[in-house]
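The values are calculated or read from the model by the stated rules, or taken from the named source; none is laboratory data. From a predicted model like this one, the values you see are computed outputs, not experimental measurements. Quick reminder, even Gly has a Cβ in these numbers, built from the backbone with ideal geometry, and neighbours come from all protein chains shown.
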Amino acid sequence: MLLRNFFPAGCRMKHFSSYFNARKMVDRMSDRYLPNPKCNLGFNKFLHNISAPELVSFPDLSENSGLPDSGSTEVGNEADKVCSVVALSNSFSELASSLDNMRDMVVSPSLVTEVLKRLSNAGMPALAFFRWAENQKGFYYTTDMYHNLIEALGKIKQFGLIWDLVDDMMKRGVLKKETFNIIIRWYARAKMIKEAIKTFEKMEPHFGFKPVLSDFNVFLDTVAKSNHVKEAHELFVEMSRRKRFNPDLKSYTILLEGWGKEKNLMMLKQVYNEIRGNGLEPDVVTYGILMNAFLKCRMCDAAINVFKQMERSNCRPNAHIYCTLINGLGSQGRLDEAFKYFEISKNGGFRPDIPTYNAAIGALCRLSRFDDAFLVVEEMRQSGLGPNSRTYDTILNHLVKVKQVDDAYRLFCKMSEEGCEPQTNTYAMIISMFCTHKRVDMALEVWKEMTEKGVLPSMHIFCSLIRGLCFANSVEEACAFFERMLNKGIWPPEKLYGNLKEALIASGRVDLALEVTAKLERLRKILTYG
C-alpha cells in the first residue's frame, strides 16, 4: 500500500479611606500566596491500556484479591453514607467526629477502596478518611485503596504525600508496577516531565521492578497522552538508540496517536513510514488512529479512504472504527454519511455498543436535532444498552450550548427518575449553566441535591458557584463557599481568588478579604509541608 493513498498531496504539514488603599493592602499580603506550592506539585481515574484491538486507553487496576465486590449493594450504600458525611463536613476534625459516630459501619477494605474511589476529586478529605480508617477494626491495606488515594492526591499535585504512600506500600508489601504508572501520569499532566522520567528510571534500582517493553509503552503512552508527544518521541528515539527496548507496533501507534492529536500530519507521515519501513503491518488500531487524525484536520474524504483501504487489506473494522467515523463525520455536519456508517455497522454484524449510540446521538445534537437524538435514545433502550450518564451528558452539553435552559434542566431531573444518577461533571454542567444565566438560586438548589446524594464537588463546581454569587452581589455567601473549598483542600485558581478579592473589597468587606487570604496561606503551608 502506497503512503500517498492515505496522505493527500500538499499536507504540511480596619477602616480604609479608599477602595484603592484597601486593595493595595490586601495585594501586599496576598500576592506571594497565589502560586501553587511547586515543591509538591503535580486530573474520573484512568490508566493506560494499550492492548489491541482498541485504541490506546487506560487499564483497570482492580485486584482480584477475593474481596467482596466494591460495587455491591451493601458496600455501595455504606459508601454513599460516608461520602455524604464528607460532602457535608466543613473541616477535617468535623469529618473525623462524624465518622466516629457511624458506629454500626464495618470499615472493610472494600468499603475503604470504594470511598477513596468516589473521593477522587477531594484529595485531602480522601487522605483524612484513609488515616481515620487505618485505626478502625477490620481494616487492612490493599494496593487498590492506595492507588485510589494516589489518584486523588495526584489531582492536587501532592507528590510529597504520594511518595510517603509509596514508602508505606513498600513496607507493607503491596507496591506494584502499576503504582508508578499512576505517579508518572500525574507528573506528566503537571508538565513535570523530568520527574516523570526519573520515576520510570528508578523503578528498578530503588524498588526492584525491572521495566519491560510493555512498561515502556505504558510510560510512553502516558507522556504522549498528556500533551507531550514531542517529549514522548524524544524518549522513544533515545530508548531505541540505547537498545534498551526494541519498539513494537504498539510503541509506534502511541506516537502516531499523539501526533494525530496534535494535527501534525508531517510527523504522522514520518511515524507511519517508520512502521512500514520496519516491516510492521498496520492493524485496526493503526487505521483507526489515521482516520481520527484526518477527521480532526477536517479531512473527511481522506479518513474515508483509510476506511476503504483497511477493508481492501482484509483488516476487519471494529466498533471503535465506526464510532470514530460517526463522531468525525457528524462533527463536520456530514450527517447522512455518519448515519450511513451507523447502518453499515449494524448490517455488518456489529451490535452497536453504547459509545457508538452516543456518537450518533452527539452527531444529531450538533445540528440541534434533539427530537431525532431522543429517537436514538429510545432505540438504545429497546436494545437494552442504556442510556448511560454519558448519553445524557452529551445531550445536556448541546442543550446548554444552544441556551435551552429549561429543557436541559428537565432532562437533568429525568436522569434520576430513570435510574441514571448524575455524575460530578453533570452537576458541574448544570450549576455552571444556571450561574451563567444568572439563576444562582437554582444553582444552589442543584448544589444542595448534589451534596445530599454524597457527590463531592469538584474545583469547577466551586468556581462556577463562587463566580455566580459574586456577580449576584452575594459576596458573603461566595466567601463561605470559597472557605469551604479551602477546607476541602482544593487549591483555587488564581483568577478565582482575584475575582473574589475584588468583589469583597468593592463591597467594603476588606475584613473578609484579609481572612480569606490568611486561610489561603494556611492551606499553602499544609500542601507544601504536610
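Numbers below:
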| read-out | value |
| --- | --- |
| Pairs, first on the phi > 0 side of the Ramachandran plot and at pLDDT below 95 in segment 171-197, second surrounded by fewer than 22 Cβ atoms within 10 Å (Cβ to Cβ) and in a loop (DSSP other than H, G, I, E, B), C-beta under 7 Å, six or more apart | none |
| Filter result for ASN227 (outside any helix (DSSP H, G or I) and loosely packed, with under 14 Cβ neighbours inside 10 Å) | no |
| Unmet criterion (only one of (1) at pLDDT 90 or above; (2) farther than 24 Å from PRO282 by Cα; (3) buried (at least 17 other Cβ atoms within 10 Å of the Cβ)) for PRO352 | (1) |
| Conditions (1) at pLDDT below 80; (2) part of a loop (DSSP other than H, G, I, E, B); (3) of a type in the set (Val, Ile, Thr); number of the one not met by VAL106 | (1) |
| Condition check for ASN292: touching a Lys or Arg at 6+ places or on another chain (Cβ under 9 Å), within 26 Å of ALA373 (Cα to Cα) and surrounded by 17 or more Cβ atoms within 10 Å (Cβ to Cβ) | yes |
| Residue list for segment 84-105, filter: within 25 Å of THR73 (Cβ to Cβ) and in contact with a Lys or Arg (Cβ under 8 Å, 6 or more places away or on another chain) | SER84, MET102, MET105 |
| Given (1) surrounded by fewer than 20 Cβ atoms within 10 Å (Cβ to Cβ); (2) touching a strand residue (DSSP E or B) at 6+ places or on another chain (Cβ under 9 Å), index of the condition LYS176 fails | (2) |
| Given (1) out of contact with any Pro (no Cβ under 7 Å at 6 or more places or on another chain); (2) at pLDDT 80 or above; (3) assigned to a loop (DSSP other than H, G, I, E, B), index of the condition PRO125 fails | (3) |
| Residue identified as closer than 28 Å to ASN292 by Cβ, buried (at least 16 other Cβ atoms within 10 Å of the Cβ) and more than 19 Å from the chain's Cα centre (by Cα) among LEU249, LEU165, LEU161 | LEU249 |
| For SER240: the one exception among (1) crowded, with 16+ Cβ neighbours inside 10 Å; (2) within 23 Å of ALA188 (Cα to Cα); (3) of a type in the set (Ser, Thr, Tyr) | (1) |
| Verdict on VAL271 being of a type in the set (A, V, I, L, M), part of a helix (DSSP H, G or I) and in contact with a Leu (Cβ under 6 Å, 6 or more places away or on another chain) | yes |
| Residues within segment 147-197 that are of a type outside the set (Val, Ile, Thr), in contact with a Leu (Cβ under 8 Å, 6 or more places away or on another chain) and closer than 18 Å to PHE209 by Cα, tallied | 6 |
| Residue under evaluation SER416, criteria (1) of a type in the set (Ser, Thr, Tyr); (2) surrounded by fewer than 19 Cβ atoms within 10 Å (Cβ to Cβ); (3) at pLDDT 90 or above, criterion not met | (3) |
